[in-house]
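Chemist: So that we are looking at the same thing, I have put the structure below in C-alpha cells.
Read-outs: derived from the displayed coordinates by stated rules, not from any lab. Computed from a prediction, not measured in an experiment: that's the story for all the values here. Cβ sites come from the backbone with ideal geometry, for glycine too, and all protein chains shown count toward neighbours.
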Amino acid sequence: MGALHGWATAGDRDTGRVPSRIMRVLAVAGASLAITGALSGCGIVERIAADGQTPTPTPTAPIAPTPTGPDPVLAWECGQISALSGVAIRTNFEYQTRRIDEVEYVSRLQALQDAWVYMPTYDTEITPFIYEVQVQAAADPSGSNQGYIDAINAATAACQEAGSLAVITPLPEMGG
C-alpha cells in the first residue's frame, strides 16, 4: 500500500482506515481485471483479434404474427350489442325497482333508441343481425317486445359463432 498510502488524509492515518476514494479505485481495477480475465479465458478476444472482423449475427426471416380471435370490427360490433343490451336491462330493472322515475326512464329509453339507430355498422357477418336489432329498437327500445328479444338472441348467437363474445345477462343485484 505504499503508493496508495500517500493519498490518505491525516485523520485516516490516525484511525488506520483506508479512504473511500482508494477503495473505489481498487474496486474499479479489480472489476476490470475480472472482466478481462473472463473474456480472454473464453477465447473471444483472441478470435476477434485473429479474424480482424466484428462478429455479425445471422439474419433470420421475421416471424409474422398469427391473428388470434375475431376480426376487430366484428368484435367491436358484438361489444356494442353487449353494452347497449346491458343498458336496456339495467334501465328496466331500475325503473321496476323504483330507483329511477318515469322521466328518467323515458329519457334513457330515448337515448338508448338513438344509440341503437345511429350505431355505426360495417360489413361483417354480424351486421345483418344488428340491422334487425336496430329495427326492433326503433319500435321499442325497452327490450321488452318479443321481436327485440329474438333479434338480440340471434345477434348474440351470431357473435359467439363468429368467435366474439356478446354477453346479455342481468347484473348480480338483479338476480343474474
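Chemist: With the structure loaded, tell me whether Glu125 is over 20 Å from Val167 (Cα atoms) and either among the acidic types (Asp, Glu) or surrounded by 16 or more Cβ atoms within 10 Å (Cβ to Cβ) (or both) or whether it fails that test. It would help to see each step written out before you state the result.
Modeler: Working: over 20 Å from Val167 (Cα atoms): no; either among the acidic types (Asp, Glu) or surrounded by 16 or more Cβ atoms within 10 Å (Cβ to Cβ) (or both): yes.
Considered against the rule, which asks whether it is over 20 Å from Val167 (Cα atoms) and either among the acidic types (Asp, Glu) or surrounded by 16 or more Cβ atoms within 10 Å (Cβ to Cβ) (or both), Glu125 comes out as no.
Chemist: Another question, if that's okay. Return yes or no: is Ile100 aliphatic (A, V, I, L, M) and under 18 Å from Gln160 (Cα atoms)?
Modeler: Working: aliphatic (A, V, I, L, M): yes; under 18 Å from Gln160 (Cα atoms): no.
No; evaluated as a whole, the condition is false for this residue.
Chemist: Let me ask you something else. Taking the condition at negative phi and within 27 Å of the chain's Cα centre (by Cα), does Ala151 pass? Even if it seems obvious, please write down each step before you answer.
Modeler: Working: at negative phi: yes; within 27 Å of the chain's Cα centre (by Cα): no.
No: the conditions fail for Ala151.
Chemist: With the condition kept exactly as written, say whether any residue in region 156-170 is crowded, with 16+ Cβ neighbours inside 10 Å, free of Cβ contacts under 8 Å to residues at least 60 places away in the same chain and of a type outside the set (Lys, Arg).
Modeler: If we filter region 156-170 for residues that are crowded, with 16+ Cβ neighbours inside 10 Å, which is where we start, we get 156, 158-159, 162, 164, 166, 168.
When the remaining residues are screened for being free of Cβ contacts under 8 Å to residues at least 60 places away in the same chain, the result is 158.
With the extra rule that they be of a type outside the set (Lys, Arg), the set shrinks to 158.
Yes, because at least one residue in region 156-170 is crowded, with 16+ Cβ neighbours inside 10 Å, free of Cβ contacts under 8 Å to residues at least 60 places away in the same chain and of a type outside the set (Lys, Arg).
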